[in-house]
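A short worksheet on the structure shown next.
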Amino acid sequence: MGTNNNLIYLDNNATTPTDPAVLETMLPYFNARFGNAASRTHALGWMAEEAVDQARNQIASLIGAQTKEIVFTSGATESNNLAIKGIAEAYRRKGKHLVTLKTEHNAVLDPCEYLEKRGYEVTYLDVGPDGLVDLDDLRQSIRPDTILVSIMWANNETGVIQPMERIGAICEEAGVLLMSDATQAVGKIPVDPKSAGVHLIAFSAHKMYGPKGVGALYISQRNPRVKVTAQMDGGGHERGMRSGTLNVPGIVGFGKAATIAQRTRAEEAKRLAGLRDQLETGILSRIEQTYVNGSTQHRLPHVTNISFKYMDGEALMMSFNQHIAVSSGSACTSASLDPSHVLLAMGLSGDMAHASLRFSLGRFTRASDIPKVIDQVAKSVDKLRSESPIWEMYKDGVDLDTIEW
Ligand SMILES: *Cc1c(COP(=O)(O)O)cnc(C)c1O
């Protein structure tokens, strides 16, 4: 599937390949149907507008929303920025306090930091060792001047799924708006913001087999009608919420991806959970001192995050020699080699966070890939550990946890 035959791609949480059916649906909108969806004066414009309307319907349908509740953006980073900064601006007179999680994606944490520099106050909630938010902590963090709670639906590094309905009930009772970065959840598990009491969700096409560079923000328009101040000014597109000529081919592809997800999600989840469990069990049983990070009960079906104790995840990944694509516990904020803030927030030591790898399966993962991956990982671990003085000390019975390095 678009990759070279020697590379098994298990990095679907970073991005997914565009489904061939999605690509095919997009192609005419680059040439034969190239119109601007805002052109009201000729057929090419109408055609583009119609295609955008249809995609908006398809995406709304996937999440049980009304079409007018979907705003198209360039991706989940922009959607999160628009939601957080847009709410902060629109509700400034109500208060200047926000609540979020320490394990959020940078697309949420960085806009929060931006607001802190401008006089807002943000509470960053801890999570338990399982990666889940403590609901009492959440309840206690909400103040009269809290204008927004932002809690991700599912974590990109661990796959841990937060109890959104219970979080929704707490926010409802406190009368505070709730948004969720649902980028890893939409198209993978049922996501219905209305029934969960979530008022805004951010998501992205390229995490669900659509193209890169297009995303959406769901904004509740009824019970409650949420106000968001636009962060991009221009032609007043997207009902004034996000100006700029619409990415018609991207949006068409996003719509098609939503339709496919709606049709195949349940079955795909079952298949991938089976393969993921096989991979996880294979690694845990064949390789000693391996630990799964985060709840295995409340978790996306296609993700496992594993620490290989006394090892460096980065080095382990390199030793796969381009046969397996995964990501390490330090690579997510690209370029930085700091240990993952997500794993640290779950209470892992820096060493254990550095020792982690994330395996994220996807639609194009084959059953035959799994034994190959287990073999490659086991071989690499054996080799690296056989050359490692730390591993030798561990095998000699030295209690490494008590050593001051
Ligand atoms: C990938 C991702 C984002 C960023 O999405 P883009 O569309 O690439 O901007 C935000 N949040 C989460 C949880 C993600 O996994």
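The values are calculated or read from the model by the stated rules, or taken from the named source; none is laboratory data. This one's a predicted model, so the numbers in the text were calculated from it and none came from an experiment. For neighbour counting, all protein chains shown are included, and Cβ atoms are generated from backbone atoms with ideal geometry for every residue, glycine included. Surface areas here come from the heavy atoms of the whole protein model, side chains and all, with no ligands, DNA or RNA. Shrake-Rupley method; radii C 1.70, N 1.55, O 1.52, S 1.80 Å.
Miscellaneous remarks
- The chain - percent of accessible surface contributed by carbon and sulfur, probe 1.4 Å: 50
- Listed by chain and number, the aspartates and glutamates whose alpha-carbon sits under 13 Å from that of LYS207, ignoring those within fewer than 8 places in the same chain, are ASP11, ASP19, ASP181.
- Between helix 43-62 and the chain: long-axis angle, C-alpha atoms, 0 to 90°, nearest 10: 50
- Ordering THR229, THR304 by accessible surface, largest first, gives THR229, THR304; the 1.4 Å probe counts only protein heavy atoms, with every chain in place.
- Derived scalar couplings ³J(HN,Hα) [the stretch 158-166; Karplus, 6.51 cos²θ - 1.76 cosθ + 1.60; whole Hz; x for Gly, Pro]: 10, x, 5, 9, 7, x, 4, 5, 6
- Nearest-ten-degree value, helix 369-386 long axis tilted from longest Cα axis of the chain: 50
- Extreme residue, positive dipole direction of the stretch 1-83, given options ASN13, ASN57, LEU23 (C-beta unit charges): ASN57
- Percentage relative contact order, the stretch 20-260, counting C-alpha pairs under 8 Å, at least six apart: 29
- Residues whose amide H lies under 5 Å from that of ILE324, counting only those 5 or more places away or on a different chain, are ILE8; hydrogens are built 1.01 Å from N in the peptide plane.
- Accessible area of the stretch 344-405 divided out per residue, in Å², using a probe of 1.4 angstrom: 54
- Amide H contacts of LEU125 (H built 1.01 Å from N, under 5 Å, at least 5 apart or other chain): THR100, LEU101, LYS102
- Per residue, in Å², the accessible surface of the stretch 260-299 once ligands and nucleic acids are set aside, probe 1.4 Å: 55
- Rounded to the nearest 500, the helix-only mean residue ellipticity at 222 nm of the chain stands at -12000 deg cm²/dmol, with each DSSP H run of n ≥ 4 adding -39,500 (n - 2.57).
- Solvent-accessible area of VAL398 with every protein chain in place, 1.4 Å probe, in Å² to the nearest 10: 50
- GluC sites (Glu not before Pro) restricted to DSSP loop in the stretch 304-393 with at most 14 other C-beta within 10 Å: GLU387
- Nearest 10 degrees, 0 to 90: helix 106-116 Cα axis against the chain principal axis: 70
- Per residue accessible area of the stretch 112-201, 1.4 Å probe, in Å²: 38
- Listed by chain and number, the lysines whose C-alpha is less than 30 Å from the C-alpha of LYS379, apart from same-chain residues fewer than 8 away, are LYS270, LYS309, LYS395.
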